[in-house]
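Peer 1: Shown below is the structure under consideration.
The values are calculated or read from the model by the stated rules, or taken from the named source; none is laboratory data. Remember, predicted model here, so these are calculated numbers, not experimental data. In this analysis, Cβ positions are derived from the backbone assuming ideal geometry, glycine residues included, and neighbour counts consider all displayed protein chains. To get the accessible areas, we keep the full protein, side chains included, count just its heavy atoms, and leave off ligands, DNA and RNA. Shrake-Rupley method; radii C 1.70, N 1.55, O 1.52, S 1.80 Å.
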Amino acid sequence: MTKKTGDEPTVDLLINGVKVRAEPHMTIVEAAWAGGVPRITGASCLEGVCGSCRILLRRGQEVSVALACETFAEQGVETLFLPPPSAPRHQYELSDFKDGWDIQARFQEIFPEADRCRHCHGCVQSCPKGIAVEDGVALAAAGRFREAGEAFFECVMCELCDSACPEQIAPAHVGLFSRRITAFFHLRPPNLIHRLEELRQEPFSGSNNPAPLPGSDEKESS
Amino acid sequence: MTRGLSLQAALAAYRVDAELAPLPQPLEPDALLNAFHPDHLRDGIATLAVGPNAGARCPRELADLLQAEAYIDEVDLAGVEVTDTDVLVIGGGGAGSAAALAAAERGARVLLATKMRLGDSNTVMAEGGIQAAIEPDDSVQQHLQDTLRAGHHAGNPALVAAMVGDGPGVIRWLIRQGMQFDQTASGDLHTRRAGGISAPRIVHCRDYTGLEMMRALREAVIQHRGIEVWDQAPAVELLSNENGRKCVGAVLGSLDGQKLRIVRARSVILATGGIGRLHLHGFPTSNHLGATGDGLVLAYRIGARLCDLDSFQYHPTGLVNPPYLSGKLVTEGIRAAGALLLNAEGHRFIDELQPRDIVSAAIIRECREGRGIHPDTGGVGVWLDTARLERGQPGLIEQQFPKLLARSRIAGIDPRRDPVLVYPTLHYQNGGAVIDVDGATTVPGLYAAGEVAGGIHGHNRIMGNALLEIISFGRRAGMAAAISSHDRGPKKITLEHVNQARRALTLAGLPLTRRAPQIMPDYTAPGKDFQIAANPRSKS
Amino acid sequence: MTESLNANLLHPQQRVGDNMARWREAGGGDALRIAAQDPPAVLTAIKDADLRGLGGSGFPVWRKWEAVANEAPRPDKYLVCNGNEDEPGTFKDRLLLQETPHQVIEGALLAALATGVNRIVFYINPDLTRALAALQAALGQWQGSDMLQQAGKALGRPITMELKPSSGHYIGGEETAALEWIEGKFPFPRGKPPYPAQDGAHGCPTLINNVETLANVPAIVRHGADWFRRQGIGKATGGKLYSLSGDVLHPGVYELPMGTTLHDLVLVHGGGLLSGKPLKAVFTGGPSNTLLTPADLDVGLDFDSLRERGASLGTGAMIVVSEGTGIVKQVAEYVRFFAHSSCGQCVSCKTGTATLSLLIDRIDTGRGTAADLATLESLYRMLPGSGRCHLVNGVAQLLDSSFRHFRHEYEQALK
Ligand SMILES: Cc1cc2nc3c(=O)[nH]c(=O)nc-3n(C[C@H](O)[C@H](O)[C@H](O)COP(=O)(O)OP(=O)(O)OC[C@H]3O[C@@H](n4cnc5c(N)ncnc54)[C@H](O)[C@@H]3O)c2cc1C
Ligand SMILES: Cc1cc2nc3c(=O)[nH]c(=O)nc-3n(C[C@H](O)[C@H](O)[C@H](O)COP(=O)(O)O)c2cc1C
Ligand code: SF4
Ligand code: SF4
Ligand code: SF4
Ligand code: FES
């Protein structure tokens, strides 16, 4: 979709092993399209929020990771779209949590590796969003889930930190766990609760209103 | 569009503290829409010749796909591996995830197949928020009225009532899935106003509402024991029973040349999202790469009625510059927070909080009448005056719109210092598959939820109603599909509907050369149409 | 299992375990006495003998020694005897430690005298329990012994010897990672420079040598450099402990002249392949090296001859693969090992090897696509040189060489 400006010199780079000539204002995704690289299957939002366009990037001797839709074509770089990460190994469902007092114990069962962080900083170096992943993991391991979750606020689920973690802590999932458990146990907004209570006493009867959505008043034990 | 100012000249002329003239007398809304809204363009519109909506008008780009040949026929299915499930959900955005979770909560075995990776969607990109009438000075009734009015009373009141009534319960359900929302100091959910709504009603998570929603739902789906997820498995066709009238599953392809797979299901839920990547009338889009209207094509071919195919939303504030972000959104939340729109002459020209279709038409008018700003990378736009907003409320952009800032930083722009160039961008498909309050389409066994479904937003959607719709109807469809999947399962799986559609195309004298659904935009692999790689056969 | 032509290190008289008296009967301790007269002569002998680092690098030993010898103590100087041995297919150091620990200790003391080291650390993989126990018992007999005191006198200050179990991590065998662990930290390899010779353990000049390297020193001192040179074949000097494993009839550790041909090692000493199958390939290394094929049967297994073929001797591990055994599965197993071992400091290494492992596993289990294969190939080509240590290069080398010779097997494995 990019319009050529024409007056910039082109750059030569390598994408997935294919030589590509591109304009420097193009992102790696656009350069791949323009350069006839076989179809890129890992790109979606093109604005850095879906985390799917994970690439490995080589400049000289230095190799790093990035998101392709936020990385621009550069003379001489080599890039490679990484395959999607494998499914997470840590299993839990929020509905299994009956009691807010044993979150930390359950967390340790679910993420037993989390307190084995060896402080290699791999996760931090990997994160395209500049998140203090390592500190977030430490907060979660210390049971400070609200703060841990806040650290992961801009996480885009690219899971580059998971791939980078030698202890297989799955930091991205630790972050998401922290955010989710915080909402699940601690988000109890009075204005919402009040309106739900009003609707329970007097269900909404708009024109032709069907039965309210079943299950929206299911019992919960927290 | 030759007159107007260059970007440099406009930037040089811009003064953050310039005195603003009062708004001119507004044009009558209908006249403005008629003259300037893209839905009212006379060129590039076709009339459908076949299918349940024969006779209806819609943009040519869409008509071409709705009246295209399928990728596959029976010979392609010989020997293909078959997987059985109770509920097949097609699409891994918000609607698909909500449907899968709801069906699984009801004990159904669920398979969720998505085109790219679970979460790659329009949902993840939503910024502004989700509507739910929860404030004391608001009511579900007001929400109903606002929605119908903004949609020019073309929405189905029963569907709208169902959705707005679900609103507060949807927020609670989302919290139970682990989604966070912004709160006030006293712990209430923070609400925002937006164009076309009568009370503060948009709840949000800063300007990352969709990301936060998708993160929580994605994790919930991945972690759910009753849901299996197939990534990189786009549906290329539905399956029907012997007479082609009931949906009994789908054929899944792949983006990188793997084999076809057949899924036989008791119910199928389409949750494939929107059509932005069809670039109707050549517009840029805010949508993700997979928004190619596949669900509409699949539903139409199997005989489901669609509605409002001539009505699309062009979001007023798509970025123009830098080119790689062209069409990407600046959230409406920023206008709700007080940012103004200015033309090349530095004048306001519209009440910024009017409904989106009107604001978009007004911007198009400014540009067409020579009051636009032209960057030398192409395109045209008007100012969204973020710098003035920052001056009036220092720190606001950083606190409430971190996504805007993060994105600008990469592009080397500072919206706190300079205004941002914007132009309408193809954003949302107002219509879609006709559904009832259970999300059932007009074809038995086939449900639709989310942007692919129609009937709620009429001819214009107000901010925050899409995210509400996907959860409300996603869950409704999921639950209904789980219940109806107690039926005995399908016996025979055929492509009878494909045969019927082909006959209709031939009878109408339409070519069989074009194939659909599109799956990926052409420009992602120029010259290489999407192919069913396992079956490379040429067909005359 | 160690029948050999010129058993020196593993000569039956040397294989006395921790029994010091029997070891001394066989001449143990003589070298130390000789060296105490003229410590600098040890370095000269090592140089003339062209002893190479047997921990994998093949680097001339005297160069490292000289560098350490030239440094002033700050306030100490360290010698680390590297017995972390954890690579698949390498099992020689444990044998030396178990069977002839005094020889290793004497070698370490000789190195200390030659380089002015006063603190010796035996850095041993705790999973090698028998080796650890033997060395511990042997060290106990040295503590307070007259030999140790004489060595201290020759040096001019007391020499301490300490047994330090390593972390057991494979990466802990890298020399600078060993230093980190000795300092009480996680064994992350350090960036170089500074080199250990200048700034090693606790900031002191530090010499690091492999167990086998040090074990060779006493014999050189006793019999002279010329004798040592004559032990090797062709230009190669000395002997080598080859760890032979895989589809071979008689696996084990073979002490043979450095430069013995692959043919002789596998087909003569190893007794040929299991069930008489033809040879398909040999992983050398540990497996982080270039593959050898039947075309290489004539190559002398020494550092220089192998380098001429674009391969390397590594630790002298030879993992034999017979015709009929799949290469992809084996490579996949090694890649998994290295991916697991990557310490995580360099994103390219950890993410790169983890992704390589994911892709090759997928291909090996019949789930891989042509796109996966293309990604795998492009990926390993991007990695060399991007890490702090050699690990990432080794993986790339292994893949590169397996592709060069066995690309068809990868293609056949695709679904
Ligand atoms: C930039 C942006 C900002 C927005 N902001 C807001 C907002 O603030 N508030 C609001 O209410 N709404 C907003 N919207 C609209 C709202 O986000 C979407 O309408 C809504 O999220 C659609 O959800 P969905 O689940 O129906 O579709 P999507 O979230 O798009 O999900 C569709 C899924 O289906 C998959 N798919 C497509 N085709 C196939 C196929 N053939 N086979 C298998 N899978 C397929 C896609 O890959 C995708 O995963 C915004 C939209 C955009 C683009
Ligand atoms: C990843 C890695 C692992 C290593 N593991 C060992 C080991 O277990 N034992 C060893 O002696 N050398 C190992 N080395 C080599 C050491 O870094 C170092 O070169 C060696 O101990 C020096 O001894 P030498 O000169 O006597 O060979 C390893 C190197 C790397 C890169
Ligand atoms: S925290 Fe991990 S998953 Fe989240 S954005 Fe950073 S690297 Fe990606
Ligand atoms: S990558 Fe893992 S081990 Fe390393 S710092 Fe991060 S969380 Fe800790
Ligand atoms: S190359 Fe690999 S093993 Fe070596 S330091 Fe870097 S991450 Fe650690
Ligand atoms: S395409 Fe979504 S983050 Fe790059």
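Peer 1: In Å², nearest 100, what accessible area do chains A and B bury in total when the solvent probe is 1.4 Å? Spell out each step's value before the answer.
Peer 2: On the way: alone 13930 and 21060 Å², together 27950 Å².
Using a 1.4 Å probe, the pair buries roughly 7000 Å².
Peer 1: If r is the Cβ-Cβ distance from B:ARG15 to B:GLN393 and R0 is 22 Å, what FRET efficiency results, to the nearest 0.05? Can you show the working numbers first?
Peer 2: Details: r = 18 Å, r/R0 = 0.83.
E(calc), rounded to 0.05, equals 0.75.
Peer 1: Let me ask something additional. Please list 3J(HN,Hα) in residue order for the stretch B:185-201, calculated via the Karplus relation 6.51 cos²θ - 1.76 cosθ + 1.60 where θ = phi - 60°; whole Hz, with x for glycine and proline.
Peer 2: Once θ is set to phi - 60°, the couplings for the stretch B:185-201 become 4, 8, x, 5, 5, 6, 10, 10, 8, 7, x, x, 10, 8, 8, x, 9 Hz.
Peer 1: In addition: List for the stretch B:242-265: residues with 40 Å² or greater reduction in accessible area, all protein chains versus chain alone, probe 1.4 Å?
Peer 2: Relative to the lone chain, where solvent access is computed with a 1.4 Å probe, the stretch B:242-265 loses at least 40 Å² at B:LEU255, B:ASP256, B:GLN258.
Peer 1: Now for a separate question. Starting from the eigenvalues of the Cα gyration tensor, five times each then square-rooted, give me the equivalent ellipsoid semi-axes of the stretch C:327-413, largest first, whole Å.
Peer 2: Numbers: eigenvalues 85, 29, 25 Å².
Output for the stretch C:327-413: semi-axes of 21, 12, 11 Å.
Peer 1: Residues in the stretch B:10-32, backbone N under 20 Å from the label point at B:ARG368 (7 Å along the Cα-to-beta-carbon vector): list them, ranges by number please.
Peer 2: Only B:24-32 pass the distance filter.
Peer 1: Any idea how far the Cα center of the stretch B:338-383 sits from the one of the stretch B:244-291, in Å?
Peer 2: Spelled out, the Cα-based centre of one part sits 35 Å from the other.
Peer 1: Rounded to the nearest 0.05, what FRET efficiency do B:THR506 and C:THR325 have when you use their Cβ-Cβ distance and R0 = 60 Å?
Peer 2: On the way: r = 57 Å, r/R0 = 0.95.
E(calc), rounded to 0.05, equals 0.55.
Peer 1: Want the number for C:THR365 to C:SER275: 0.36 nm per residue separation, take away the alpha-carbon distance, what's left?
Peer 2: Values: separation 90, 0.36 × 90 = 32.40 nm, distance 2.62 nm.
Full-extension gain reported as 29.8 nm.
Peer 1: Among the residues of the stretch B:83-126, which ones have their accessible area go down by 20 Å² or more when all the protein chains sit together, as opposed to their chain alone (1.4 Å probe)?
Peer 2: B:ARG106, B:MET116, B:ARG117, B:ASP120, B:VAL124, B:MET125
Peer 1: How far apart, in nanometres, would the label points at B:GLU74 and A:ASP135 be if each is projected 7 angstrom from Cα along the Cα-to-Cβ direction?
Peer 2: 6.6
Peer 1: Using a probe of 1.4 angstrom, how much of the accessible area of the stretch C:157-197 is carbon and sulfur, in percent? Numbers along the way, then the final one.
Peer 2: Numbers: 960 of 1670 Å².
Of the solvent-accessible surface of the stretch C:157-197, carbon and sulfur hold 58 percent.
Peer 1: Could I ask something else about it? Could you please state how large a percent of the accessible area of the stretch A:11-81 is carbon and sulfur, counting protein chains only and using a 1.4 Å probe?
Peer 2: Here carbon and sulfur together make up 51 percent of the probe-accessible area.
Peer 1: For the protein assembly as shown, what does -39500 (n - 2.57) per DSSP helix run (n ≥ 4), summed and divided by total residues, give at 222 nm, in deg cm²/dmol to the nearest 500?
Peer 2: Values: 41 runs with 414 residues, N = 1177.
Roughly -10500 deg cm²/dmol at 222 nm, from the helical runs in the protein assembly as shown.
Peer 1: Suppose each label sits 7 Å from its Cα in the direction of the beta carbon; what would the B:ALA49-B:ASN243 distance come out to in nanometres?
Peer 2: A separation of 2.8 nm, rounded to one decimal place.
Peer 1: Check which residues have an amide H placed less than 5 Å from B:GLN429's amide H, if you skip close sequence neighbours.
Peer 2: The list, which skips near neighbours in sequence, is B:ILE275, B:GLN313.
Peer 1: Keeping every protein chain present and rolling a 1.4 Å probe, give me the accessible area per residue for chain C in Å². List each step's numbers first, then the result.
Peer 2: On the way: 14640 Å² over 415 residues.
Value for chain C: 35 Å² per residue.
Peer 1: Can you list residues from other chains, or at least 5 along the same chain, whose modelled amide H is less than 5 Å from the amide H of B:LEU238?
Peer 2: Close amide H contacts, sequence-distant or interchain: B:VAL251.
Peer 1: Please list log₁₀ I(q)/I(0) at q = 0.16, 0.18, 0.20, 0.21 Å⁻¹ for the stretch B:234-382, using the Debye equation with identical point scatterers on the alpha-carbon positions.
Peer 2: Debye intensities relative to I(0), on a log10 scale: -0.92, -1.06, -1.22, -1.32.
Peer 1: Taking N as the number of residues in the stretch C:1-135, what is its Cα Rg relative to 2.2 N^0.38 Å? Intermediate results must be reported in sequence, preceding the final value.
Peer 2: On the way: Rg = 15.2 Å, N = 135, 2.2 N^0.38 = 14.2 Å.
So the stretch C:1-135 has a normalised radius of gyration of 1.07.
Peer 1: Next question. Report the normalised scattering of the stretch C:2-229 as log10 I(q)/I(0) at q = 0.13, 0.15 Å⁻¹, calculated by the Debye formula with identical scatterers on the alpha carbons.
Peer 2: Debye intensities relative to I(0), on a log10 scale: -0.68, -0.94.
Peer 1: C:GLN150 to C:ASP304: FRET efficiency via 1/(1 + (r/R0)^6), r the Cβ-Cβ distance, R0 25 Å, to the nearest 0.05? Present the calculation step by step, with values, prior to reporting the outcome.
Peer 2: Values: r = 37 Å, r/R0 = 1.50.
Once rounded, the FRET efficiency stands at 0.10.
Peer 1: So who's got an amide H within less than 5 Å of the one on B:ALA46, skipping anything under 5 residues away but keeping other chains? H placed 1.01 Å off N, in plane.
Peer 2: For B:ALA46, whose amide H was placed from the backbone, the distant partners under 5 Å are B:CYS58, B:ARG60.
Peer 1: Once Rh for the protein assembly as shown is found with the Kirkwood sum over Cα pairs, what is the Stokes-Einstein diffusion coefficient at 37 °C and 0.692 mPa s, in µm²/s? Provide the component values of the computation, followed by the final result.
Peer 2: Details: Rh = 33.2 Å.
In µm²/s, the coefficient rounds to 99.
Peer 1: Let me ask another. The stretch A:74-103: which residues show an accessible-area loss of 30 Å² or more, assembly versus chain alone, 1.4 Å probe?
Peer 2: A:GLU78, A:LEU80, A:LEU82, A:PRO83, A:PRO84, A:PRO88, A:GLN91, A:TYR92, A:GLU93
Peer 1: Any idea of the accessible area per residue across chain A, 1.4 Å probe, to the nearest Å²?
Peer 2: Values: 9300 Å² over 222 residues.
Normalised by residue count, the accessible surface of chain A is 42 Å².
Peer 1: Another question about this same structure. To the nearest 100 Å², how much accessible surface do chains A and C hide from each other in total, with a 1.4 Å probe?
Peer 2: Values: alone 13930 and 15770 Å², together 27740 Å².
Chains A and C together bury roughly 2000 Å² of accessible area.
Peer 1: So what is Rg over Rh here for the stretch A:94-186, counting just Cα atoms and using Kirkwood for Rh? If you can, show how the numbers build up before the last one.
Peer 2: Values: Rg = 12.2 Å, Rh = 12.9 Å.
Dividing the radius of gyration by the Kirkwood radius yields 0.95.
Peer 1: I'd like the distance between the alpha-carbon centres of the stretch C:337-353 and the stretch C:94-128, rounded to an integer number of Å.
Peer 2: 30
Peer 1: Here is a follow-up. Ranked from highest to lowest mean number of other Cβ atoms within 10 Å per residue, what is the order of the peptides B:419-432, C:154-167?
Peer 2: Packing order, densest peptide first, comes out as B:419-432, C:154-167.
Peer 1: Output ³J(HN,Hα) for the stretch C:37-53: one whole-Hz value per residue in order, computed from phi by the Karplus curve 6.51 cos²θ - 1.76 cosθ + 1.60 with θ = phi - 60°, and x for Gly and Pro.
Peer 2: Going residue by residue, I get 5, 8, x, x, 5, 4, 4, 4, 5, 5, 5, 5, 6, 6, 5, 10, x Hz, with x marking Gly and Pro.
Peer 1: Whole-Hz Karplus ³J(HN,Hα) for the stretch B:338-344, in order, using 6.51 cos²θ - 1.76 cosθ + 1.60 and θ = phi - 60°, x for Gly and Pro?
Peer 2: My calculation for the stretch B:338-344 gives x, 5, 9, 9, 10, 8, 4 Hz in order.
Peer 1: Moving on. Evaluate the distance, in nm, between pseudo-label points positioned 7 Å from the Cα of A:GLU109 and of C:GLN136 along their respective Cα→Cβ axes.
Peer 2: 3.7
Peer 1: Going Cα to Cα from C:LYS329, which lysines come in below 23 Å? Please leave out same-chain ones fewer than 8 positions away.
Peer 2: Excluding near neighbours in sequence, the set is C:LYS277, C:LYS280, C:LYS350, C:LYS415.
Peer 1: Carbon and sulfur: what percent of the stretch C:327-413's accessible surface (1.4 Å probe)?
Peer 2: Working: 1440 of 2890 Å².
On the stretch C:327-413, the fraction of accessible area on carbon and sulfur atoms equals 50 percent.
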